[in-house]
Amino acid sequence: MEDSFVDIENIRFHGATLWTDFSLFGSPMAYGSLCQTQMNDYKMIRRDPSYSKMRSIDTFKIHQFSRQWLKKSLESSKGMKNIVVTHHAPSLQSVPEHFKKDPVTSAYASNLEDFISEHQPLYWIHGHIHTPTRYKIGETEIICNPHGYITEKYNGYDKELIIEI
């Protein structure tokens, strides 16, 4: 799901990649440029229709679009049980301690804590971080339960995780 939702009974699943805004540590332009030079995403991912390489400014713009879409989608579904599903993390709290000060971390998470506090979805489920985590921002439970790469050692992934809605 990319900037779209699915309703199942009284539950709305809002889905987006939600690329980051590179603003965790300051200037999105500076951190976006740094991440563009250091991450495989910007060497491997191509964009349509030109098939040119994806740039950090592209993902920044996509983030802004997705964030606006998500805001409208959450506002239009008040009274429903809202679950947000994104690839990128909505908070630095999702990042393992040893990466929290790494400038490239700005490509893995955005600071959406105020956004979450304002809209209070029931759950926000994300990936991209290869370490499981579970915490709350206000009444919203943030969950990341990744398996990780096949070559990585066991990271705490819970293959039997069930979320009751």
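The values are calculated or read from the model by the stated rules, or taken from the named source; none is laboratory data. The structure displayed is predicted, hence computed values, not measured ones. Note: ideal-geometry Cβ built from the backbone for every residue, glycine included; neighbour counts use all protein chains shown.
Here are a few things to note about the model shown:
- Scanning region 1-26 for residues that are of a type in the set (S, T, N, Q) and either in contact with a Ser or Thr (Cβ under 9 Å, 6 or more places away or on another chain) or at pLDDT below 95 (or both) returns 4, 17, 20, 23.
- Of residues in region 1-13 being among the aliphatic types (A, V, I, L, M) and either over 24 Å from residue 82 (Cβ atoms) or touching a residue at least 12 places away in the same chain (Cβ under 8 Å) (or both), the one surrounded by the most Cβ atoms within 10 Å (Cβ to Cβ): 11
- Given (1) of a type in the set (S, T, N, Q); (2) closer than 20 Å to residue 107 by Cβ; (3) surrounded by fewer than 15 Cβ atoms within 10 Å (Cβ to Cβ), number of the condition residue 50 does not satisfy: (2)
- Residue that is closer than 17 Å to residue 128 by Cβ, out of contact with any Cys (no Cβ under 6 Å at 6 or more places or on another chain) and polar (S, T, N, Q), where the choices are 37, 59: 59
- Filtered residues of region 14-37 (kept if in contact (Cβ under 8 Å) with a residue 40 or more places away in the chain, surrounded by fewer than 20 Cβ atoms within 10 Å (Cβ to Cβ) and not in a helix (DSSP H, G or I)): 17, 23, 25
- Odd one out for residue 57 among (1) loosely packed, with under 15 Cβ neighbours inside 10 Å; (2) without any contact (Cβ under 8 Å) to a residue 24 or more places away in the chain: (2)
- Checked against the criterion of being modelled with pLDDT under 95 and touching a strand residue (DSSP E or B) at 6+ places or on another chain (Cβ under 6 Å), the candidates 150, 83, 129 yield just one match: 129.
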